[in-house]
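Asker: Have a look at the structure that comes next, please.
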Amino acid sequence: MSARSIPRTTLGEGASHEGFLRHKSFRWAKVAILLCAGAIAGYALIDVPGRHYGGTPFGYVLGTVSVLLILWLTMLGVRKRAMTRGRWSLKGWTSAHVWLGLSLVVLATLHTGFRFAPDVHTLAWALMLLVILSGVYGIAVYAALPPALGDSRGELTRPQMVDALAKLDAQLEAAAQPLSHGQAALVRRALAEDPFAAGLVRRLSGSAPRSPTRRAIDRLQGETAVVAVLERKAAALAQVRRHLRIRALLEVWLYVHVPLTFALLAALAAHILSVFFYW
Amino acid sequence: MAFLLRTVTASAEGREIVRTRRVEGDRLTIGRGPECDVHLTDLAVALRHAEVARSGDRLAVSVEAGLTVALDGRQVSSGSLALATGGDLRIGAHLLRFLPTPPDSGEIAVGIERVTEGEAKLGRRADRLFSLAPVLPGKRAMAWLLALLVVALCIAWPVKTFYDRQHRAERFARFQADEIWSAGHLSAAHAALQHNCSACHVKPFESVRDAACAACHRDIHGHADPFRLARAQPDLTAWGRFQLRVKQAFNLPPGRCIDCHTEHQGPQKMAPTPQRFCADCHGSLHAKLPDTRIGDAGDFGRLHPDLRPAAIVGWNGERAVLGRLAAGPGAREDNGLKFPHALHLSATGGAAQMARRLGIGRSLDCASCHRPEPEGARYQLVVMERDCASCHSLAFARSGGTVRTLRHGDPAQVIADLRDYYGFRTASPPSSLAPAARRLPGEAPAVSTRIRFEAGAHAPGPEAAIRAVFSRGGACYDCHQVEAPPAGSLAYRIHPVAFPERYVRHGWFDHRPHAAQSCGSCHQAARSNAASDLLIPGIVTCRGCHGGERTSKPVASPCAMCHSYHARPGAPAMVVRQRLRGERRAEPAAVVGEGQ
């Protein structure tokens, strides 16, 4: 009988989605917690003359582990360009990147021995914290925002959104032909309104104070045909701005995370060099 | 008369479409209004924007009030063009190009096209439009910039400062770039070196060596012979061997000053050296150095040799020979003096009676003769003239208002004085200047002495007086060991008297913190009948109050309380530091129950 029964489908990887945070039921989170617990226990139990700091044997161990971790974490930038599956899948790698990166908050802070001063050592620590904070932000927005990103597009693709704007502009230009020169100037400014010209702050806030399109709508109340097109353009602009805002929120952390990572590598080089230079 | 309009537009595929139109008349109206000759569907153009009229060999351009056109690149509200040369008229996004026309020609050719700058919006890739890439500097550029900035500020600048310093002597009164490498504040003692890293970090990539310390600390004494020190080290555990290997691999030789005197720990106090630090070697020193004369010591309460003060154990001619004696009851030293402490401290004996007579007190006590040094840690040597002579007078005669006194410490002078004095007198010397004849200070020899002096007027002469002084019952003999001269000679000699300046030379003892205790609780003077009794107490007495680092005794005493790693004559480093910090008062620190 058993030979004739229908074999059950085995749900392999990919059949059900498991995010990079939960990868292999939090395998790397457990590793990170073990690392932190070991470091904290060592900090509490190992007897050092005076106070803990980076220069005790335990401090050197923590520092070495931390710097190797940082170098490995940086390699994600290289590794992510090759997407693979299996034991060392990119997902597993990313999961380890996140969890081990978070464990650095504990490891490197214990390495400092809570001594902070205006020096190159604290600079390296501070840069590391900024990198980690930006990464935490990145995880948060990656978890929260993608659905909103899809919703903000409506049913349109991005090129369609741009195209719709252009078409509205053409309609507006045609509709505005009978207008007086002063009124035409209002429409012209509305035509010139480019949501993509907004800088970082405008994109992140999604706001458009003194929108020329809005102004034109307010001023041209008599011109129904033009106002109707203007209203449609205002709606399209708002949609584009929502989409831009979510994209900006999703992307902005990388503009902190990546450059500061390299600043951190330089600061680490300075930190390690300074220790051995004045050995 | 006509204008030949040639309008050029671009198709969606980018192909040029040219339409030509002929406008009769010598006037050309230009505007957005459909009634204009040149109809420009451009919202930047007014309904009726401008008019071009031919007058002779020129074209006059008039613009509606308040508006402008660009005539050959200049913004004007009116102007003219020469027909022969032609010209450009720009209105909004449109360019009207009047081609050169001969004066006799009846047609003026005009090219009209839309200048499409900034209109390539759709041409851009939509995906890139939505990303942040166009509005922020590139990640790669920022990464390079920040990294280079950090390298310049945190590596290049400090390294340059270091090498600059090699070439010029600087006063390090202000910030130096390599300070940003500092691992922490220097200790208060080294605060002056804050701006001068190279004072200690002499060579790059070489750990701080003792030579750098010795450049300033010239007089500091090592602990012991380095080879013996190395041999006395405890056996390393596997972990210890591993640590040593690592240190050697990183060019960190063991046994450097900074192993103990760590720096960059902030202005914190150097902790008292823990007992373990000493006990590691000294706890089983004999096992490592069988020939050592130092007893094993690991804890004052449990493992510490008895005190072995350096006392005078004999004489080599005039020179005292010092030797180590086990302290405590029964220890004898050979200081050359006769002095029964018990007799002097007795509350009922002759000394007490004399003290009462002289108004010194009911009896003598330690302080009657022993005076502390100004610093207070130790006591001054007893000086005969100051501390004994008020009772033990050396006066032997009165001459008018002057009392004649024998010179203490110079037997030859005594002999000469007596020989002269009695040689010129018929009277014989007093048969004795015995203790019984003691006088009040300033008084002439006591009456009894004088009577005996008169009675001895028929005595044989100065020789007898000299013999009397140096013999039993004589003034010298009372306190000193007298070496008799050969028969027939008067060259009496006094055995020299000496005391060590310090009995305890490698440990520290300070009387002040012990002032709450009576002298007798440690020094058994009241029962001592001979000056040779070494009244230094044994370790048993100390252990009444002092235990090791961890003890139930009232005073926890780590090794550092009495000993310094760097041998030094004064108080141990820990005590000095505690005094400087105000943690230790010079007065008795704590009153521990009497007689413990």
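The values are calculated or read from the model by the stated rules, or taken from the named source; none is laboratory data. The model shown is predicted, which means the values in this text are computed figures rather than measured ones. Cβ sites come from the backbone with ideal geometry, for glycine too, and all protein chains shown count toward neighbours.
Asker: Kindly indicate the residue of region B:173-195 that is outside any helix (DSSP H, G or I) and surrounded by fewer than 17 Cβ atoms within 10 Å (Cβ to Cβ) and also nearest to the other protein chains (Cβ to nearest Cβ) among those meeting that condition.
Answerer: Looking at the filtered set, the residue picked out is B:175.
Asker: Looking at B:488, B:547, which one is more than 23 Å from residue B:370 (Cβ to Cβ) and modelled with pLDDT of 90 or more?
Answerer: B:547
Asker: Residues of region A:187-196 being within 8 Å of chain B (Cβ to nearest Cβ), within 30 Å of residue B:31 (Cβ to Cβ) and either in contact with a helix residue (DSSP H, G or I) (Cβ under 8 Å, 6 or more places away or on another chain) or small (Gly, Ala, Ser) (or both), which ones?
Answerer: Across region A:187-196, the qualifying residues are A:187, A:191, A:194.
Asker: Conditions first: (1) farther than 29 Å from residue A:150 by Cβ; (2) among the aliphatic types (A, V, I, L, M); (3) outside any loop (DSSP other than H, G, I, E, B); (4) within 11 Å of chain B (Cβ to nearest Cβ). Residue A:179 passes all but one, so which condition is the exception?
Answerer: Result: residue A:179 passes all but (3).
Asker: Now for a different question. Consider region A:192-217. How many of its residues are part of a loop (DSSP other than H, G, I, E, B) and polar (S, T, N, Q)?
Answerer: Summing the residues that are part of a loop (DSSP other than H, G, I, E, B) and polar (S, T, N, Q) in region A:192-217 gives 2.
Asker: Taking residue B:360 as meeting all but one of (1) within 21 Å of residue B:475 (Cβ to Cβ); (2) surrounded by fewer than 16 Cβ atoms within 10 Å (Cβ to Cβ), write down the number of the exception.
Answerer: Result: residue B:360 fails condition (2) only.
Quick grid of which residues meet (1) at pLDDT below 90; (2) in contact with a helix residue (DSSP H, G or I) (Cβ under 6 Å, 6 or more places away or on another chain); (3) more than 7 Å from chain B (Cβ to nearest Cβ); (4) under 28 Å from residue B:50 (Cα atoms):
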| residue | (1), (2), (3), (4) |
| --- | --- |
| A:185 | yes, no, yes, yes |
| A:198 | yes, no, yes, no |
| A:211 | yes, no, yes, no |
| A:221 | yes, no, yes, no |
| A:246 | no, yes, yes, no |
| A:251 | no, no, no, no |
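Asker: Taking the condition more than 9 Å from chain B (Cβ to nearest Cβ), closer than 26 Å to residue A:141 by Cα and either buried (at least 22 other Cβ atoms within 10 Å of the Cβ) or modelled with pLDDT of 90 or more (or both), does residue A:265 pass?
Answerer: Criteria not met by residue A:265.
Asker: Another question, then. Just need a number here: residues in region B:287-328 that are surrounded by 13 or more Cβ atoms within 10 Å (Cβ to Cβ) and part of a helix (DSSP H, G or I).
Answerer: 1
Asker: Hey, can you tell me all the residues within region B:37-47 that are without any contact (Cβ under 8 Å) to a residue 60 or more places away in the chain, facing chain A (nearest Cβ under 9 Å) and crowded, with 16+ Cβ neighbours inside 10 Å?
Answerer: Correct list: B:43, B:44, B:45, B:46, B:47.
Asker: So in region B:84-98, with the set limited to residues that are among the hydrophobic types (A, V, I, L, M, F, W, C) and modelled with pLDDT under 85, which one is nearest to residue B:27 (Cα to Cα)?
Answerer: Looking at the filtered set, the residue picked out is B:84.
Asker: Kindly list the number of the only condition in (1) surrounded by fewer than 16 Cβ atoms within 10 Å (Cβ to Cβ); (2) closer than 30 Å to residue A:176 by Cα that fails for residue B:51.
Answerer: (1)
Asker: I'd like to know if region B:393-411 contains one or more residues that are touching a Lys or Arg at 6+ places or on another chain (Cβ under 6 Å), surrounded by 16 or more Cβ atoms within 10 Å (Cβ to Cβ), small (Gly, Ala, Ser) and at pLDDT below 85.
Answerer: Yes, because at least one residue in region B:393-411 is touching a Lys or Arg at 6+ places or on another chain (Cβ under 6 Å), surrounded by 16 or more Cβ atoms within 10 Å (Cβ to Cβ), small (Gly, Ala, Ser) and at pLDDT below 85.
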